[in-house]
There are 2 protein chains.
Amino acid sequence: MTQLDAVLATAARDFDNSLERLFRLVRIPSISTDPAHAGDCDRTAAAIVADLAALGFKAEARKTKGRPMVVAHYTPRNATAGMPHFLFYGHYDVQPADPLELWQTPPFEPVVKTEKGVARIYGRGTSDDKGQFMTFIEAARAWITATGSLPIKATFLIEGEEESGSPSLVPFLKANRKELSCDAAFVCDTGMWDARTPAITTRLRGLVHEEVTITGPRIDLHSGAYGGPAMNPIRVLSKVIAALHDRNGKVTIPGFYDGVADLPKAVRTQWRSLDFSEAKFLKDVGLGLPAGEKGKSVLEQIWARPTAEVNGIWGGYTGTGTKTVLPSKAHAKFTFRLVGRQDPDKVLKAFQRFVKGLIPKDCKVAFSGRGGGSPATEIPEDNPFIARSARALKDEFRRDAVLMGSGGSIPICRFFKDILGMDSILVGFALADDAIHSPNEKYNVESFRRGIRSWARIMGEFGA
Amino acid sequence: MTQLDAVLATAARDFDNSLERLFRLVRIPSISTDPAHAGDCDRTAAAIVADLAALGFKAEARKTKGRPMVVAHYTPRNATAGMPHFLFYGHYDVQPADPLELWQTPPFEPVVKTEKGVARIYGRGTSDDKGQFMTFIEAARAWITATGSLPIKATFLIEGEEESGSPSLVPFLKANRKELSCDAAFVCDTGMWDARTPAITTRLRGLVHEEVTITGPRIDLHSGAYGGPAMNPIRVLSKVIAALHDRNGKVTIPGFYDGVADLPKAVRTQWRSLDFSEAKFLKDVGLGLPAGEKGKSVLEQIWARPTAEVNGIWGGYTGTGTKTVLPSKAHAKFTFRLVGRQDPDKVLKAFQRFVKGLIPKDCKVAFSGRGGGSPATEIPEDNPFIARSARALKDEFRRDAVLMGSGGSIPICRFFKDILGMDSILVGFALADDAIHSPNEKYNVESFRRGIRSWARIMGEFGA
């Protein structure tokens, strides 16, 4: 019997207790967005610290301007200088539970229900993210129980403000750079491809936004008295938006694609082989034609291609009935999803140049976005941490881990890279139907069980 | 001394009384939009009826569902079957006076003030329209006083709901079609070209409107999760708006210009000869480049060319900050100003076809305008009533009357044409700085004086 076999057997024997420990955390309504629950957040952090300390971690609930940050370090008995050291990140705060009346069981009274043969743990935070980060802790417990130690150096960082936008995280990382810098970060806050197929999320799009105001006449005009000779700023803005994409769905801003690389062939092949129906994906939201770049699959359009999107537009009279106004101003909000090495600042500047080039000389344009933005996070699919984690996941699930993208952004990955200099390996066991942020949030018992086993395997994979 | 000389001399002698009679009307706050002033409207109508009856008119305040309609007929002693018969239209109701604190003298206490050598009558309704329709009545009084009769058959129609959209006018015209049908209608509710130059407004643009809603995804989407493959309806709507005009400012809707005739050369020549600065007109509203059809003057663009205008646009997130939404719907309100024989219904249908042709197959478009609309009103510049009225105005002002257009619409002209079968001759003496609908409305004493003289001349022109 290998060490790992013993660890997995221990986890299996202890699984009912693992569930009960998760339940204990779920019972505390640690809603970070609601000041009334600040005490609940503190209690949750304290409970995690106590649990980790009992396992031999050097664990503390560290003060921030907001909710405490759980930091726990584990140094194996036989630790060597060359032994890998990983940060494990999760968050103990949860979304508010309202609307309460839509919950079939009380959100903070976790319960396992078996429906159509699938056992599910219901409760706020079961999937996002208490159930997920507890897979780390239970895997660590199994290793320590079975072998007396972890096979790697580990630092657990469990924050309490993720659902509030993590306001304390960046200052905390900066203030504790040395303490928290590891070889890589494992983040357990994402999903599987499907209930049978594990996934590692290796691509997160970046984001930069801008707001554009175009002024034509200096005041609103009567469309009878001025219609014809007076330029309408809605026309100008529409020309800008219409010019943003060519007929093949490609963004036309000069220089926009600088830093965008073609997808590696192996990744494209894997994505094309996935059980994914483009037609169903679009039909579910009432559409039928992929609107992104022609020749790219829908998954590639979301996971590996940048976008230029209008999130809002307004100008002139928008009430009921008619008003024959020729408006002074028209406005639109834009966001750009970024991939590869696209530079948010360069994209913004290129966009501004592009807009200015389309404005008649007697109209004005103002840009009121606050700048900032974040580049994409991409970890090369051949990164050794990715490859070895994928191997461990395949051992557990008997299926290749999908190297997924995500159309959205997970800012912590940028922070870990920029402040702590380490890549993030995103491995999670949530499923699309987990209803995170919604009533009746759940986490499958199998997600929890195989999550624990997966981390036990990943720890073993990198162990001595 | 001719008859006309005697009439003009009488008007001159009686002018102070004319002013006082105007003042009496201005003192009654006949605000038709405010039910609290219904009694004031009734009193105003009664005062006009009494005045016209004293002059020998068969005058009545006729009931409507709203404010009474003053109808007064005058048949000259020597009337013949072939004697011309004109309807004279004005309105005795006025706009509300608020904001009261911006008035320098109380709105319903008329006063003459001389500023920079120009005598002005201040008060709500002095220009719009009590001062204007009183020019009819005072001209008629001068004729009757000097000669014992009017030289033409006359029907005066002074309504009390013009500022409320004339809800009773159409039913009243329909119910009294025979009684009110004349050879032509004279309408005194427009302006001069400038303080020295009389004008007849011969072209009023028509108007039709439409509201467009484009639906892409059936629900708002997360722009990270769907951005790329999901079509954004704001993009679709912008393409529609951007496609509405070509680079020369011409509307591109197929069939849009059906029924639009070129401007007669004589009119174009007159308009080009006017003291009108295109640069100043645009600069006053903060613009510098005529946005209408290239090769057409600004006046031609407003007075004689149709438009396709967006009056409002909205969709997605329009609050402060950012929200990374890919919206389900985008909306815009459109109006089309019409000229010549453009058919509002055909223009709407052509626009709808045009829009449908630009919508991707998986998006939807809905049109929620209520239809309706009105065609343009154009009286050929060589119409004999126009030509002879222009001659009378030239006699008074020693300058050619400008045959103007108006970018806006005056619905009564359509009603007179459609219901009573007669053209409207729009002759008025208001000036651009009269501040109608605003605080400190005024009517120049010269507008009033020469307005009376002009109508005296026009009546004489058509008299036996």
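Take segment B:244-340, drop everything but the C-alpha atoms, weight them equally and run the Debye formula without solvent; then report log10 I(q)/I(0) at 0.24 Å⁻¹ to two decimals. Taken in order of the listed q values, log10 I(q)/I(0) reads -1.32. With Cα atoms defining each centre, segment A:156-229 and segment B:400-444 are spaced 57 Å apart in the structure. Here is how far apart the A:Ala50 label points are across copies: 9.5 nm, shortest first, using a point 7 Å from Cα toward Cβ.
The largest-to-smallest principal axis extents of the Cα set in segment B:329-464 are 68, 38, 26 Å.
Mean partner shielding of peptide A:315-323, defined as the number of other chain Cβ atoms within 10 Å of each residue Cβ, is 6.
Just to be sure I understand: of the beta bridges DSSP finds with both ends in the protein assembly as shown, what percent are antiparallel, rounded to 5? Kindly include the intermediate steps, with their values, before the conclusion.
On the way: 103 of 147 bridges.
Of those bridges, close to 70 percent are antiparallel.
The simple spin-label model puts a point 7 Å past each Cα toward its Cβ; for B:His222 and A:Asn248 those points are separated by 3.1 nm.
Take B:Asp34, push a point 7 Å out from Cα through the beta-carbon direction, and compare it with the same point in every other copy: 5.0 nm, smallest first.
Provide the FRET efficiency to the nearest 0.05 for the A:Glu179-B:Lys361 pair, computing r from the beta carbons and using R0 = 51 Å. Let's see the in-between values first.
Working: r = 57 Å, r/R0 = 1.12.
Efficiency, rounded to the nearest 0.05: 0.35.
Rounded, prolate or oblate, given the Cα gyration tensor of segment A:58-152, with a/c below 1.5 counting as rounded?
Working: a/c = 3.65, a/b = 1.68, b/c = 2.18.
Verdict is oblate for segment A:58-152.
Could you give the size of the charge dipole of segment A:261-388 about its Cα centre, using +1 on the Cβ of each K and R and -1 on the Cβ of each D and E, expressed in debye and rounded to the nearest 20? Write out the running numbers ahead of the final one.
On the way: 21 positive and 13 negative charges, 116 e Å.
For segment A:261-388, the charge dipole is close to 560 debye.
For segment A:161-175, backbone phi angles converted through the Karplus equation (6.51, -1.76, 1.60; θ = phi - 60°) give residue-by-residue couplings of 9, 4, 6, 10, x, 6, x, 8, 5, 4, x, 5, 5, 5, 6 Hz, Gly and Pro being listed as x. If the chain linking B:Val260 and B:Glu109 were pulled fully straight, counting 0.36 nm for each residue of separation and taking away their Cα-Cα distance, it would gain 49.7 nm.
For the cross-link pairs A:Lys323/B:Lys294; A:Lys283/A:Lys364; A:Lys346/B:Lys280; B:Lys116/B:Lys394, the ones whose C-alpha atoms lie over 32 Å apart are A:Lys283/A:Lys364; A:Lys346/B:Lys280. Ranked by how many other Cβ atoms sit within 10 Å of their own Cβ, fewest first, the residues A:Val170, A:Val7 fall in the order A:Val170, A:Val7. Working from label points 7 Å from Cα in the Cα-to-Cβ sense, the B:His437 to B:Asp194 distance is 2.5 nm.
State the Cα centre-to-centre distance between segment A:307-341 and segment A:69-99 in whole Å. Taking the Cα centre of segment A:69-99 as reference, the centre of segment A:307-341 is 43 Å away. Shielding value for B:406-412 is 3, the average number of Cβ atoms from other chains within 10 Å of each residue's Cβ. As a rough footprinting exposure proxy, the listed residues B:Tyr226, B:Tyr122 were ranked by other beta carbons within 10 Å of their own, and the order from fewest upward is B:Tyr122, B:Tyr226.
Debye-formula intensities of chain B, expressed as log10 I(q)/I(0) at q = 0.06, 0.07, 0.11, 0.13 Å⁻¹, are -0.32, -0.43, -0.95, -1.21 (one equal scatterer per alpha-carbon, no solvent). Each of A:Pro35, A:Ser149, A:Leu299 was scored by the projection of its Cα onto the charge dipole of chain A, and the greatest displacement toward the positive side belongs to A:Leu299; charges sit on the C-beta of Lys, Arg, Asp and Glu.
Ordering A:Thr64, A:Leu289, B:Val310 by the projection of their Cα atoms onto the charge dipole of the protein assembly as shown, which places +1 on the Cβ of Lys and Arg and -1 on the Cβ of Asp and Glu, puts A:Leu289 at the extreme positive end.
Distances between equivalent label points of A:Leu274 across the copies, with each point positioned 7 Å along Cα→Cβ, amount to 6.5 nm, shortest listed first. Remark: the Cα gyration tensor places segment A:1-139 in the oblate category, a/c being 1.5 or greater and a/b not exceeding b/c.
Would you please put B:322-334, B:244-256 in order of how densely packed they are, using the mean number of other Cβ atoms within 10 angstrom per residue and starting with the highest? Could the numbers behind the result be given before it?
Numbers: B:322-334: 22.9, B:244-256: 15.9.
Going by the mean number of other Cβ atoms within 10 Å, highest first, we get B:322-334, B:244-256.
Applying 1/(1 + (r/R0)^6) with r as the Cβ-Cβ distance of A:Leu55 and B:Thr213 and R0 = 51 angstrom yields a FRET efficiency of 0.30.
Highest mean first, the peptides B:29-37, A:147-155 sorted by other C-beta atoms within 10 Å per residue fall in the order A:147-155, B:29-37.
Of B:Lys58/B:Lys417; A:Lys65/A:Lys329; A:Lys63/A:Lys349, which sit over 30 Å apart, Cα to Cα? Could the numbers behind the result be given before it?
Numbers: B:Lys58/B:Lys417 25 Å; A:Lys65/A:Lys329 41 Å; A:Lys63/A:Lys349 39 Å.
Those over the limit are A:Lys65/A:Lys329; A:Lys63/A:Lys349.
Taking the Cα centre of segment A:198-329 as the origin, how large is its charge dipole in debye, to the nearest 20, when only Lys and Arg (+1) and Asp and Glu (-1) carry charge on their Cβ atoms?
Working: 17 positive and 12 negative charges, 43 e Å.
Taking the Cα centre of segment A:198-329 as origin, the dipole is about 200 debye.
Backbone N atoms of segment A:191-235 closer than 12 Å to the 7 Å Cα→Cβ label point of A:Asp275 belong to residues A:193-198. Taking a ≥ b ≥ c as the square roots of the eigenvalues of the Cα gyration tensor, an a/c ratio of 1.5 or more together with a/b no larger than b/c marks segment A:382-453 as oblate.
Take every residue in peptide A:332-339, count the Cβ atoms of other chains within 10 Å of its Cβ, and give the average of those counts. Don't jump to the answer; show the numbers that get you there.
Details: counts 6, 10, 1, 8, 2, 5, 0, 0.
Other-chain Cβ atoms within 10 Å of each residue's Cβ, averaged: 4.
Computed over chain B, the per-residue total of -39500 (n - 2.57) for DSSP H runs of n ≥ 4 gives a 222 nm mean residue ellipticity of -10500 deg cm²/dmol, rounded to 500. Extents of segment B:166-308, taken as max minus min of Cα coordinates on every principal axis and listed largest first, are 67, 46, 29 Å. Counting only DSSP beta bridges with both residues in chain B, the antiparallel share comes to about 70 percent. When only the Cβ of Lys, Arg, Asp and Glu is charged (+1, +1, -1, -1), the dipole of the protein assembly as shown relative to its Cα centre reaches about 1760 debye.
Convex hull of alpha carbon positions in the protein assembly as shown: directionally averaged projected area 45.4 nm².
Here, each number is a calculation from the coordinates, and none is a lab measurement. Remember, it's a predicted structure, so these values are computed and weren't measured experimentally. For neighbour counting, all protein chains shown are included, and Cβ atoms are generated from backbone atoms with ideal geometry for every residue, glycine included.
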